[in-house]
Every structure is written in C-alpha cells, then in structure tokens.
Amino acid sequence: MSAYMNQHPIAQVSATATADAPLACSTGNKEQIRVENLCKTFRGAAKAVVSDLSFTLHAGEILALLGPSGCGKTTTLRMIAGFETPDSGRIFLHGQDVTHLPPQSRRIGIVFQDYALFPHMSVLENVCFGMRLIAKRERPGKAQKWLKLMELEGLESRHPHELSGGQQQRVALARTLAAEPDLVLLDEPFSNLDAALRESTRKEMRRLFKETGTTVILVTHDQAEALSFADKVGVMSSGMLCQLNTPEGIYTSPDSAFVAEFLGHTNLLEVDIRDQQADSPLGTINITTSDTGRQWVSLRPEYLELTPDPLAEGRVTSREFRGHDFFYHVELKGQEYKVLAPFDCALELGTPVAIRVAQPAVVLKN
Ligand code: ATP
C-alpha cells in the first residue's frame, strides 16, 4: 500500500540521546527506535487501523512487520516516518520523543515499492539528491562510495529507465543510505522484482544493511521474505502486533493459530495434556511446555513422518511434488493432516500410511 506513502522519499535532520533497553537481539544493544502503544483510527472508520502497538528495535537490527493486506502495516510505517499522526502512543528515536516532529526532522530514510527515482536525473544525481545535509563538494565522492557498495559502478550517467528493476532498486537504496539515516523503512521493496531477482536482491540488501549497521523496518505480506530477511519478525492482525520474536522463535513457537498458519502450514489439534504428553488420533504426542488440561496445539507438517503400511488407517488424499520435497494430505479417522516428506518419499494417492509424530507439539496460547 505504498501509494499512501507517496511523499518525499528522504526525510532528514536530527536525533539525540541513546538508551539501553531489554529487547537486545543480534547486532547492537543501543535502542534505536521504541514505539509505545500506538493507536490510529481514520476519521469515519468504525475500527482502529493500528491498536496499542509497541516494540523496540536496537541499532543494526532488521524488523519485518508481516501481516495480511489491510492489517495496518503501512499505516504503522507512515506514523514512524511522520506522515501520519497517531491518535495516542509515542515514538522514540534514540530515546528522543519524535511523535510530533515533522518527517524532515526525523533521520529516517524510506525505500518505496516503486523506488520513486527521479526519471529526469542520472543515477549519480539521484544518489546525490539524498545528501542535502552534506557539503556539496563532498557529495559526488560519497555517492561513488555508495554506488560501489551497490555494485552500480559504470552506471552513473544512466537514467532510471535505462536500468533493470534490480538496478533501480539498488539506486533507490543507495540514495536512501547516502543520506545517512538513523533508520530505514522499506515498504514491500521487492514486490516489483521477479522471483529470482527478488531472492538475490533480498540477500544482497540484507548483507549491505549488516555491513553498514543499518537499522531497518521492512513491511511485507510474504512470510518467506520476513523469515529470511529479518532479525525479528512481528506478525500483525487487525492493527495489533500479535507476536514478535526471532524468525526461528516465531516459526517454531507460534502463540496463536493465526500466527502458526500465517507463517506456513500447520496441523491444529485439540488435546488433553498431562505430564507434557497428550493422546491424539496420531498416538501419544510430546508437548514442548508444561501446560496442562485441554489445549490447542500446533504440529508443523515437517514434524510428521509417513510410512507406507498396508494395515495402517491413514490414506494419502493429495500429493504435491515440489522438487526438494513432497507435500501430502493424509486422511486419518475423519481428519486431514498435512505432512511434508522428503523428495525420495514418493507415495501414490490412496496409499495406506501410518503417521508418526517426530517432534513435540507447541501449545497455542490464544
Ligand atoms: P497492504 O498489505 O495491502 O499494503 P497494510 O497492512 O499495509 O495493507 P494499511 O495500508 O496500513 O494496511 O491500511 C490499513 C487499513 O486502513 C485499510 O483498511 C486501509 O483501507 C485503511 N487506510 C489506510 N490509509 C487510510 C487513510 N488515509 N484514510 C482512510 N483509511 C485508510
């Protein structure tokens, strides 16, 4: 929804103090941005678009805000950038309250879905444009540094229409980083690229951000992108941040059925838990936590194993060959289960199979 973000791509100016905070993750321990209880309801709307949203990000960390269309990701980004004013809640950059500062008074750079390059300017001019706070004579030299880092050397005099999508993307990023922002916001920046370019550009951009110690917030609805690109993933639904954790943490320990299903496939089972075990149609399953009583649990398809067995009750009802694996649906006692099997486990439709649970199930809190 970057149409809403279609303001000037580079906001500049000052930021001050730093503060330590408890959510240190990967690369830094200085608080870069803290968002506290942000709320926003658009005029005339019945429901809040962003509701009580809080998180902290440290220097050099990459956060992906992930969620379905319309859940409030772009509005959150726009409030951080200063293009939208929250109804309540606060935004701190380096510990300084910037909630009511205009965009140009926050050191924030933005890369848009459509890159927003100036078509009449060359690559070099586009990159220099971002450096309004840097002395004019220093700009071309600094721009060259960024162009080299982005592997754009030799393309300085070209115009945007003479570049590939990936090259335009890198020019947009060079222009943003050349302004030396404290925080970079990316709104679906890879969505205009084809699958192969998307993956390589994503990888390259992550490397560049890590190399330059840049703090980044990425908005996306692509779970694979969020998991592979970010240090932390926040899953949003209806304006709320449902869960925030590392990619591995959120994938392996989702708090809710929504998060479990949004981040990939899963099997949801309601079971009675005692002593970290539960009886289920798949036999006795182990549970990761010490929760007890009737609970919903999640079992990822890769936690299940299939064995062909003429005496077994399970039946393969669908199969999808995906190159490196097979994705099966298996019907057992009136229930359907999703199972991920290795590429050499080829089973015909209707094959009788036993399902073994190879990993403990995760209890869903809500
Ligand atoms: P997408 O993934 O489709 O880009 P999103 O999660 O980024 O979606 P937002 O762009 O934040 O969602 O929009 C959230 C909701 O707020 C949507 O229902 C949208 O129509 C509405 N909305 C966004 N901006 C405005 C506005 N300026 N005025 C009124 N409603 C708005």
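The values are calculated or read from the model by the stated rules, or taken from the named source; none is laboratory data. The shown structure was predicted, so the numbers you read here are calculated from the model rather than taken from an experiment. Neighbour counts run over all protein chains shown; Cβ positions are idealised from the backbone, glycine included. Ligands, DNA and RNA are excluded from the accessible area calculation, which covers all protein heavy atoms including side chains. Shrake-Rupley method; radii C 1.70, N 1.55, O 1.52, S 1.80 Å.
Annotations
- Verdict on ARG158 being closer than 28 Å to CYS71 by Cβ and charged (D, E, K, R): no
- Residue in region 29-41 that is in contact (Cβ under 8 Å) with a residue 12 or more places away in the chain, within 14 Å of the ligand (Cβ to nearest atom) and outside any strand (DSSP E or B) present: yes
Conditions (1) open to solvent by 60 Å² or more (accessible area, probe 1.4 Å); (2) out of contact with any helix residue (DSSP H, G or I) (no Cβ under 9 Å at 6 or more places or on another chain), marked per residue:
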| residue | (1), (2) |
| --- | --- |
| ALA230 | no, no |
| ASP255 | no, yes |
| GLY264 | no, no |
| GLN277 | yes, yes |
| SER280 | no, yes |
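- Residues in region 46-69 that are more than 26 Å from ARG206 (Cα to Cα) and out of contact with any Ser or Thr (no Cβ under 8 Å at 6 or more places or on another chain): 2 in all.
- Strands (runs of 3 or more DSSP E) completely within region 45-161 that count 1 or more residues being open to solvent by 30 Å² or more (accessible area, probe 1.4 Å): 50-58, 88-93
- ALA224 assigned to a helix (DSSP H, G or I), within 12 Å of VAL127 (Cβ to Cβ) and not charged (D, E, K, R): no
- Meets criteria (at pLDDT 90 or above and of a type outside the set (Val, Ile, Thr)) for ALA224: yes
- Single condition THR212 does not satisfy, out of (1) out of contact with any Pro (no Cβ under 6 Å at 6 or more places or on another chain); (2) farther than 14 Å from GLY109 by Cβ: (2)
- Among all positions in region 181-192, there is at least one residue which is surrounded by fewer than 20 Cβ atoms within 10 Å (Cβ to Cβ) and among the charged types (D, E, K, R).
- Some residue of region 213-223 being within 16 Å of the ligand (Cβ to nearest atom) and among the hydroxyl-bearing types (Ser, Thr, Tyr): yes
One line per residue, one yes/no per condition, for (1) touching a His at 6+ places or on another chain (Cβ under 7 Å); (2) at pLDDT below 90; (3) closer than 30 Å to LEU299 by Cβ:
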position	(1), (2), (3)
ASN192	no, yes, no
GLU199	no, yes, yes
THR220	no, no, yes
GLY234	no, no, yes
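- Contact annotation: residue pairs with Cβ atoms under 6 Å, 6 or more positions apart or on different chains, pairing a residue in region 227-253 that is assigned by TED's automatic domain parsing to the domain that holds PRO68 and over 12 Å from ALA64 (Cα atoms) with a partner that is open to solvent by 20 Å² or more (accessible area, probe 1.4 Å) and in a helix (DSSP H, G or I), are SER237/PHE258.
- Scope region 272-315; condition within 30 Å of the chain's Cα centre (by Cα) and β-branched (Val, Ile, Thr); matching residues: ILE287, THR288, THR289, VAL297
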